[in-house]
Amino acid sequence: MWRSVGCILLLLATTGVALAEPSRFTCDAPRGKRVEPGASGKGGDVQWIDDDLDAVRPAVVIDGETFTVTWGTTVPAEGKGAKLTTYVFAAAHRTAASIFATRVDETTAEIFRFYFGSKSLYKLTSRLGDPSPDSKAMPLVATYLATCRAQ
């Protein structure tokens, strides 16, 4: 009888550990575009430019309401090493469909959102350029989408 109780306790303990494991995802190279001022430099003249993101391989880890995103080049550029940045959001907003968080500093605002159903990572970046006496200076806006798979 004690052996049965011990087996049940062991099963419960290992099940709890298995459920507590964070979800890990690796992503394909994202697709994306950025907005830049057009040739005329006027506020309404903008152009969408395809970004070359072939060397970027995002990764996502979700542990409860902790959302970790690693973004950057995983393939070293010629004469340079790989450059990865990991963002850890300890209190990300989680719904049944997705988890998302924002990062803001003096010059940049970014939104990272991971959709559970499609296993896709969305990144929206808005950055104000260097301070300029020209009040019509355009901010950079970029949007990226990466398809991910569970590790």
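All of the numbers you see were taken from the coordinates with simple rules; none came from a lab. The shown structure was predicted, so the numbers you read here are calculated from the model rather than taken from an experiment. A quick note on method: Cβ atoms are made from the backbone with ideal geometry, for glycine too, and the neighbour counts reach across all protein chains shown.
A crude spin-label estimate for the pair residue 91 and residue 54, with each label 7 Å from Cα along the Cβ direction, gives 4.3 nm. Packing, taken as the mean count of other beta carbons within 10 Å per residue, orders the peptides 110-123, 90-103 from highest to lowest as 110-123, 90-103.
Which FRET efficiency, nearest 0.05, do residue 35 and residue 151 yield, Cβ-Cβ r, R0 35 Å? After rounding, the FRET efficiency stands at 0.60.
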